[in-house]
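Structure first, commentary second.
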Amino acid sequence: MKIFLIIAISINSCFLLASDCEVSEKQYARAIELRERSQFLLSSFHLSQAIALNCNHLDKYRYEYSKNMIALGEKIEALTEFNKISKNSQFYKKSQLQKKLFLGSENTLSKSDNIRYQVWTQRNNPKSLESLELKDLTISQQQAVNSYITSTRNIKLKNPGLAASLSIIPGLGQTYLGTYQSAAISFTLNSLFLLAAKDFERQKQFGAAAASYMVFSITYVGNILNTYRSANNINNGSFEKHNDQLWEELFQDL
């Protein structure tokens, strides 16, 4: 009788395990479907359920869950789950590259992954890319990098430092960047605040004058800083389309 009970319990446990694994795979499939629609939070919920079942493919669920956490800006959570992935897993190498790319981890990469990392971090500087040794990449990846260099070599970048320096005269930095409407607004606002401060000063309304000078100072300095950021944004935007294509070729396995 005892032997019969032991066999029955064992068989039942196997069925429950099979059922749990089936459920976890359904949760995983649903999570991937939701992520394709950019529903990262709901996708993460389904993946956390799959992880909680503690069944097969646990490293796969953790890897995909960590990718969602990166997309949601939850870097500590992503790192925690990446670190739980077994070193013997096929997802371990991928997790190491993800940690380096998105979490700033100082982990060691394979030669090919390290080259991919260097290409990506130096992507907005074609001259730096030309100096990289690409032999450890696949043929298609090498072609993608060379194509990227050719496509971006003639992009004319704006100098953020020069843009900020020109903004000492409000509007001149934006004119250099080609954002003429912003230049007109900047010049007008700064002029109005300065004229108002001067006018209050002439009328000996020193409290109002001090307040106006303070507003002018904030606007003036803010204009210089915004011009610097705008130059960087324009430069990054010039590379954006090419960056998307480069990512698809270099990191399609991620």
Practice task
Check whether at least one residue in segment 20-29 is among the acidic types (Asp, Glu), more than 26 Å from residue 105 (Cβ to Cβ) and in contact with a Cys (Cβ under 6 Å, 6 or more places away or on another chain), and report yes or no.
Solution key: yes
Exercise for the section: Confirm whether residue 111 is surrounded by fewer than 16 Cβ atoms within 10 Å (Cβ to Cβ) and in contact with an Asp or Glu (Cβ under 9 Å, 6 or more places away or on another chain). Expected result: yes
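Looking only at segment 114-129, which residues are assigned to a loop (DSSP other than H, G, I, E, B) and either loosely packed, with under 14 Cβ neighbours inside 10 Å or in contact with a strand residue (DSSP E or B) (Cβ under 9 Å, 6 or more places away or on another chain) (or both)?
Answer for segment 114-129, where residues must be assigned to a loop (DSSP other than H, G, I, E, B) and either loosely packed, with under 14 Cβ neighbours inside 10 Å or in contact with a strand residue (DSSP E or B) (Cβ under 9 Å, 6 or more places away or on another chain) (or both): just 125.
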Practice task
Under 6 Å between Cβ atoms, at least 6 apart or on separate chains: pull out the pairs that start in segment 138-153 with a residue that is free of Cβ contacts under 8 Å to residues at least 60 places away in the same chain and end on any residue that is open to solvent by less than 30 Å² (accessible area, probe 1.4 Å) and in a helix (DSSP H, G or I).
Solution key: 149/126; 149/129; 153/126
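Is it fair to say residue 239 is at pLDDT below 85, under 30 Å from residue 151 (Cα atoms), within 22 Å of the chain's Cα centre (by Cα) and open to solvent by less than 80 Å² (accessible area, probe 1.4 Å)? Explain how you work it out, then say what you get.
Values: at pLDDT below 85: yes; under 30 Å from residue 151 (Cα atoms): yes; within 22 Å of the chain's Cα centre (by Cα): yes; open to solvent by less than 80 Å² (accessible area, probe 1.4 Å): yes.
Here the answer is yes, as residue 239 does meet what is asked.
Any chance segment 101-112 includes a residue that's outside any loop (DSSP other than H, G, I, E, B), over 29 Å from residue 158 (Cα atoms) and out of contact with any Leu (no Cβ under 8 Å at 6 or more places or on another chain)? Spell out how you get there, then give the answer.
First pass over segment 101-112, keeping only residues outside any loop (DSSP other than H, G, I, E, B): 101-102, 111-112.
Now narrow it down to the ones that are over 29 Å from residue 158 (Cα atoms): 111-112.
Imposing the further condition that a residue be out of contact with any Leu (no Cβ under 8 Å at 6 or more places or on another chain) reduces the set to 111.
Scanning segment 101-112, I find at least one residue that is outside any loop (DSSP other than H, G, I, E, B), over 29 Å from residue 158 (Cα atoms) and out of contact with any Leu (no Cβ under 8 Å at 6 or more places or on another chain), so the answer is yes.
Within segment 201-228, take every residue that is open to solvent by 70 Å² or more (accessible area, probe 1.4 Å) and touching a residue at least 60 places away in the same chain (Cβ under 8 Å) and give me the one that is farthest from residue 148 (Cα to Cα). Show your work before the answer.
Within segment 201-228, the first condition is being open to solvent by 70 Å² or more (accessible area, probe 1.4 Å), and the residues that meet it are 201-206, 214, 218, 221, 225-226, 228.
When the remaining residues are screened for being touching a residue at least 60 places away in the same chain (Cβ under 8 Å), the result is 225, 228.
Numbers: 225: 31, 228: 26 Å.
Once the filter is applied, the top-ranked residue is 225.
Is segment 120-128 home to any residue that is over 17 Å from the mean Cα position of the chain (by Cα), more than 28 Å from residue 56 (Cα to Cα), modelled with pLDDT under 90 and not polar (S, T, N, Q)? First the steps, then the outcome.
Step one: list which residues in segment 120-128 are over 17 Å from the mean Cα position of the chain (by Cα), which gives 125-128.
If we keep only those that are more than 28 Å from residue 56 (Cα to Cα) as well, we get 125-128.
So of that shortlist, the ones also modelled with pLDDT under 90 come out as 125-128.
In the following step, the residues that additionally are not polar (S, T, N, Q) were identified as 126-127.
Yes, segment 120-128 has at least one match.
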Handout entry: Residues being surrounded by fewer than 17 Cβ atoms within 10 Å (Cβ to Cβ) and over 15 Å from residue 233 (Cβ atoms) - total across segment 173-191
Key = 6
Practice task
Would you mind telling me which numbered condition in (1) over 17 Å from the mean Cα position of the chain (by Cα); (2) exposed (fewer than 12 other Cβ atoms within 10 Å of the Cβ); (3) not β-branched (Val, Ile, Thr) residue 252 fails?
Solution key: (1)
Problem - Residue in segment 130-162 that is most open to solvent (accessible area, probe 1.4 Å), counting only those that are aliphatic (A, V, I, L, M) and at pLDDT below 85 - result: 157
Practice task
Only residues in segment 168-186 that are on the phi > 0 side of the Ramachandran plot count as the first member; pair them with residues that are open to solvent by 70 Å² or more (accessible area, probe 1.4 Å) and not acidic (Asp, Glu), Cβ under 6 angstrom, at least 6 apart or cross-chain, and list the lot.
Solution key: 171/187
Practice task
Output the qualifying pairs, or none if there are none: Cβ atoms under 6 angstrom, residues six or more apart or on different chains, first residue in segment 49-64 and farther than 21 Å from residue 38 by Cβ, second residue open to solvent by less than 30 Å² (accessible area, probe 1.4 Å) and among the small types (Gly, Ala, Ser).
Solution key: 53/24; 55/24; 59/89
Practice task
Kindly indicate the residue of segment 45-70 that is open to solvent by 10 Å² or more (accessible area, probe 1.4 Å) and hydroxyl-bearing (Ser, Thr, Tyr) and also nearest to residue 89 (Cα to Cα) among those meeting that condition.
Solution key: 65
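The values are calculated or read from the model by the stated rules, or taken from the named source; none is laboratory data. Keep in mind that this is a model prediction, so the values were computed, not measured. With ideal geometry, Cβ positions are generated from the backbone for all residues, glycine too; neighbour counts draw on all protein chains shown. These accessible areas exclude ligands, DNA and RNA; they are computed on the full protein's heavy atoms, side chains included. Shrake-Rupley method; radii C 1.70, N 1.55, O 1.52, S 1.80 Å.
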